[in-house]
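Enquirer: Following this message is one structure expressed as structure tokens.
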Amino acid sequence: MLYAVTATHNGLAHTQRLLPALLRLALPFRVVVVDNASTDGTVEWLTQLSATKPDALDRNLSHEGQTFLS
């Protein structure tokens, strides 16, 4: 299994390229995206994406950002 961890701050465009690229892999994987209080729509996009996976959203309250799991 592949584990990918990425941190972002206002990296919506990068995150929107990264996650679909991982989906194309022929490997089982788990992704953790740590958002550091982005204001560019990253949180909203990840929240919408995680709506299809109820366990995919977890808040990173210690750093005032959010952590998204898939």
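The values are calculated or read from the model by the stated rules, or taken from the named source; none is laboratory data. These numbers were taken from a predicted model, which means no experiment stands behind them. Neighbour counts are summed over all protein chains in view; Cβ atoms, including those assigned to glycine, are modelled from backbone coordinates with ideal geometry. For accessibility, only protein heavy atoms count, side chains too; no ligands or nucleic acids. Shrake-Rupley method; radii C 1.70, N 1.55, O 1.52, S 1.80 Å.
Enquirer: Using θ = phi - 60° and the Karplus form 6.51 cos²θ - 1.76 cosθ + 1.60, what ³J(HN,Hα) does each residue of the range 24-34 get, whole Hz, x for Gly and Pro?
Expert: Residue by residue, the range 24-34 yields 7, 5, 8, 10, x, 8, 9, 10, 10, 10, 9 Hz.
Enquirer: N10's amide H: which non-local residues (gap 5+, or another chain) put their own amide H closer than 5 Å, with H modeled 1.01 Å from N in plane and none for Pro or chain starts?
Expert: The list, which skips near neighbours in sequence, is N36, S38, T39, D40.
Enquirer: Next up: Could you tell me the calculated FRET efficiency between L2 and D40, based on Cβ-Cβ distance and R0 = 25 angstrom, to the nearest 0.05?
Expert: About 0.40, to the nearest 0.05.
Enquirer: Taking the full set of protein chains and a 1.4 angstrom probe, give the accessible area of R17 in square angstrom, rounded to the nearest 10.
Expert: Rounded to the nearest 10, that gives 150 Å².
Enquirer: Could I ask something else about it? Give the ranking of T6, T39, T47 by solvent-accessible surface, highest area first, calculated with a 1.4 Å probe.
Expert: In descending accessible area the options line up as T39, T47, T6.
Enquirer: For the range 1-48, report the accessible area per residue in Å² (1.4 Å probe, heavy atoms, rounded to an integer).
Expert: Heavy-atom SASA per residue in the range 1-48 reads 62 Å².
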